Each structure stands twice: as structure tokens, then as C-alpha cells.
Amino acid sequence: MNTSLHNKNNQPRRILVIDDSKLNRAIVKKTLGGLDLDITEAGDGLEALHILEEENFDLILVDIIMPNLDGYGFIQKFKNQPGDEFVPVILMTGSEDLNSKIKGLNIGADDFLLKPLNEKELTARVKSLLRLKSAHDELYEKNMLIKRELDIAKKVQQFIIPTDFSFIPEPKVSGVYLPIEDIGGDYFDCYRLHDGTVGILIADVTGHGIPAAMVMTMSKMIFSIYASEFSSTSMLLAKVNKEMRGLLLDNQYITAFYCIYNPATGELRFTNAGHSRPLFYRKSAGKVMALDTEGLFIGIMDSTTYEEKKIVAEPGDSLFLYTDGITEIRNSDNEEFGEKRLARFVRNNCDISGNDYCTALLDEIGAFTTLENRSDDIAFLNVEF
């Protein structure tokens, strides 16, 4: 027995035959009678729609010329109904007119049968579309399983990426993470280190989706394990690079910026591993400067030397860390948001704090372009000294 003619519960597939001719319906029913199918009849499109309100079918055969509601009208109404289920429709026509076939395909028909019906052709086309229906149903179930697994992964990722930074008494930290898909490769973190200093990290894994999210989880874990062991930002990045080399695919790498802040002295030491340059706002001068150092992406070479620099933060200063999803987002004129526009925002909004600052930046980006049309994850931290 052909299993495609049965559903996942091993029940016969259900066919709806719509034709105002009792003779034509009888021919279809007799021809398909040997296929172990459950066949229901309807005399016109309106009757069929009423039946479909109460019952589900796996395939529909519909005549074009009928009273009350013809085949074209039925297909239009049926295909416009909400839902994700795929139900193939065969349009039965007594005309070989090409325009009629084109019209049927344009409104949603999946195949054609020419009247008078050829029994072998009818059987073959029904079998073919039921096989397609079975394949679609199987693919849909697998997609739904993947979606459920992605929902779980999304919850895990939301759990490991911090949203509340109140555990850091000083400096004040706020941030936002907006993955382009359910899960992504951008991330940030903060660490209370044993000597009273604070470690602040932002990173970006190449790519999107599941591969990027898996690498993100591994690298975030490695940063968390070793952050407390290194008082040097450059040495920590060198260690993470060494640990991640064997875990990345050939085309994968990580950009990262890591800094350590000493609240007692205001000293801010930092290292940049190919990441977007964070913007440091010096309130006393009213100027924004980009922080950068020498150093390759994480995961490119076994032994990589990273440069370390320092700056002293004063009360009222701020540091903005971000991934390139912000600066590379484009508007309808294909213009990038860019580092200069971002630096201008940082300078002009220095008096806004915490979550209000994050909201203001998202509003600024939203005024520039539609956030839903972005092609990359967005993540940023605002650090207030």
C-alpha cells in the first residue's frame, strides 16, 4: 500500500470533489475507489466552503463552471483562508484554453485535468499531489520541531545574556540585545573581579542563527571562566583566542572589546580584537574619542599578541560599546548609520541615563531606518562613570 495515500495516523487521505454534475462526481469517485481514499462530494463552490468550515481534506478537485460559486471563485476564497496547512487543488476544465489555465494557476490551482476525465491520468495526478502533500506535511512537522527547539535555545540565550546590571555598583551599565533571528551571535557581559575592579565585554561572532549562537555560548563561557584570572585585558584575550581556536569552523571568528575599570582610581584599561571601536565621551571637553588597539580577531591564529591601552575616566564621562549591526544598518537610500552619526548621538545625549538612553538610541535608529529590515544583530552597552 502506498503510505502517501494515508496520513500520519494511517487513516485514508480525504478528497473533496466539487462539481455540479452528479455524473462527473460519480466518475471521479469510481475511478479513485480502488485507492482506499475517503471521498466527499459537493455540488458547487458555496457548498464546498460550508463543508470546509467543519471538515479538513488532503486534496480538492474542483470544476470551473458551476452555479452559485464557480471554480475560480472557490479557489480564491479557499486559498485566502488563514492557516499554514497545504491542501493541493486540481482544477477540472472542459476547455483547453491556455488563458483559463494561466488564470487558474495565478489564483492558486496546483494542477489541471481536462474533461472528459481520463481515468489513468486522474489517478496519476491524484497520487502525485498526495505524495507532495505527504512530503509537505512531513517538512512542516520538522520545521515546527526546529521552531520549538529554537524557542528553547532563545530562552537559554536570553538567560545567559544579562539584562540587569545592578550587580555592578560602579560604573552604571545599561544595554540592549536585538538578534536578527530568534538567536544570534552578538553578546555582552560584565564581571565583578576579585580586586574590586569591573570587567566589561562586548563581542560578535561571525554569521547568524544556530552556528553563531553555539559559538557565542562557548566563547561567553570561556570569557566567564578566565576573566577573574587575568588583570590584563590583552592577556585575557590571548587566552580566549587560544581556547577558541580548536572550537571554531574555518570561516568563523570573533571580534571582541574587553576593558577593566578600577572605581578607586578611574583607570580604564582596554583591548580591542578587531571589534567596532567603542566611543568614549569626555564630558569636561565635550568630545568623543574612539578606543582602539592592535590585535587580530579571536580564532584567526594560534598565537596572537594583543595590545593594551589605558585611559582615566572622570565623573560624567561615558563609554559606549556596540556591535556593527548599528553602524552598518542602512536606510532606504542605502546610506549607513555610520560611526559619525553614532558619535554625534553619544555627544548630544550625554545627559540621558540608563534605560532612557537605550530607548533614545533605538528611537534615533528607528527614525533613520526600519529596525525590522536590519540585516545584522544589534547589541550595545552604555557605561556611565
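The values are calculated or read from the model by the stated rules, or taken from the named source; none is laboratory data. Fair warning: this is a prediction, and the values are worked out from it, not measured in the lab. Cβ: placed from backbone, ideal geometry, glycine included. Neighbour counts: every protein chain shown.
Would a scan of region 197-218 turn up a residue that is in a helix (DSSP H, G or I), assigned by TED's automatic domain parsing to the domain that holds GLY316, more than 19 Å from the chain's Cα centre (by Cα) and in contact (Cβ under 8 Å) with a residue 24 or more places away in the chain? Yes, that holds for at least one residue.
Within the set LEU132, LEU113, LEU69, LEU91, the sole residue that is of a type outside the set (Asp, Glu), surrounded by 16 or more Cβ atoms within 10 Å (Cβ to Cβ) and assigned to a helix (DSSP H, G or I) turns out to be LEU132.
In this structure, is THR304 under 34 Å from the mean Cα position of the chain (by Cα), among the polar types (S, T, N, Q) and assigned to a loop (DSSP other than H, G, I, E, B)? For THR304, the condition - under 34 Å from the mean Cα position of the chain (by Cα), among the polar types (S, T, N, Q) and assigned to a loop (DSSP other than H, G, I, E, B) - is met.
Residues that are within 31 Å of the chain's Cα centre (by Cα) and not hydrophobic (A, V, I, L, M, F, W, C) were ranked within region 274-291; the one that is farthest from PHE320 (Cα to Cα) is GLY274. A Cβ distance below 7 Å, combined with a sequence gap of six or more or placement on separate chains, defines the contacts here; from region 108-122, residues that are assigned by TED's automatic domain parsing to the domain that holds LEU132 and farther than 14 Å from ILE64 by Cβ reach residues that are modelled with pLDDT of 90 or more and assigned to a loop (DSSP other than H, G, I, E, B) in the pairs ASP110/PRO88.
Considering only region 289-303, state which residues are β-branched (Val, Ile, Thr) and either in contact with a Cys (Cβ under 9 Å, 6 or more places away or on another chain) or within 28 Å of ASP317 (Cβ to Cβ) (or both). Steps first, answer last, please.
Taking region 289-303 first, the residues β-branched (Val, Ile, Thr) are 293, 298, 300.
Selection gives THR293, ILE298.
Could you check, for region 355-375, whether at least one of its residues is more than 25 Å from SER234 (Cα to Cα), in contact with a Gly (Cβ under 7 Å, 6 or more places away or on another chain) and either acidic (Asp, Glu) or not in a helix (DSSP H, G or I) (or both)? Within region 355-375, one or more residues are more than 25 Å from SER234 (Cα to Cα), in contact with a Gly (Cβ under 7 Å, 6 or more places away or on another chain) and either acidic (Asp, Glu) or not in a helix (DSSP H, G or I) (or both).
When each of ASP58, ASP44 is tested for being assigned by TED's automatic domain parsing to the domain that holds MET144, crowded, with 18+ Cβ neighbours inside 10 Å and in contact (Cβ under 8 Å) with a residue 60 or more places away in the chain, the lone residue that passes is ASP58.
Go through the residues of region 192-207 one by one and say whether even a single one is among the small types (Gly, Ala, Ser), at pLDDT below 85, surrounded by 19 or more Cβ atoms within 10 Å (Cβ to Cβ) and over 19 Å from PHE270 (Cα atoms). No, region 192-207 contains no residue that is among the small types (Gly, Ala, Ser), at pLDDT below 85, surrounded by 19 or more Cβ atoms within 10 Å (Cβ to Cβ) and over 19 Å from PHE270 (Cα atoms).
Mind listing just one residue for me: the one in region 267-308 that is of a type in the set (Asp, Glu) and surrounded by fewer than 17 Cβ atoms within 10 Å (Cβ to Cβ) and, of those, modelled with the lowest pLDDT? Talk me through it step by step, then tell me what you get.
To start, the set of residues in region 267-308 that are of a type in the set (Asp, Glu) comprises 267, 292, 294, 302, 307-308.
Okay, now just the ones that are also surrounded by fewer than 17 Cβ atoms within 10 Å (Cβ to Cβ), so 267, 294, 302, 307.
Details: GLU267: 97, GLU294: 94, ASP302: 84, GLU307: 96.
Checked region 267-308; the qualifying residue modelled with the lowest pLDDT is ASP302.
Taken over region 263-301, the criterion of being of a type in the set (Gly, Ala, Ser), under 20 Å from ARG341 (Cβ atoms) and part of a strand (DSSP E or B) is satisfied by ALA290 alone. Filtered by the rule that a residue be at pLDDT below 95 and part of a loop (DSSP other than H, G, I, E, B), region 249-262 gives LEU249, ASP250, ASN251, GLN252, TYR253. Please go through region 178-196 and pick out each residue that is outside any loop (DSSP other than H, G, I, E, B) and not basic (Lys, Arg). Residues satisfying the conditions are LEU178, ASP186, TYR187, PHE188, ASP189, CYS190, TYR191.
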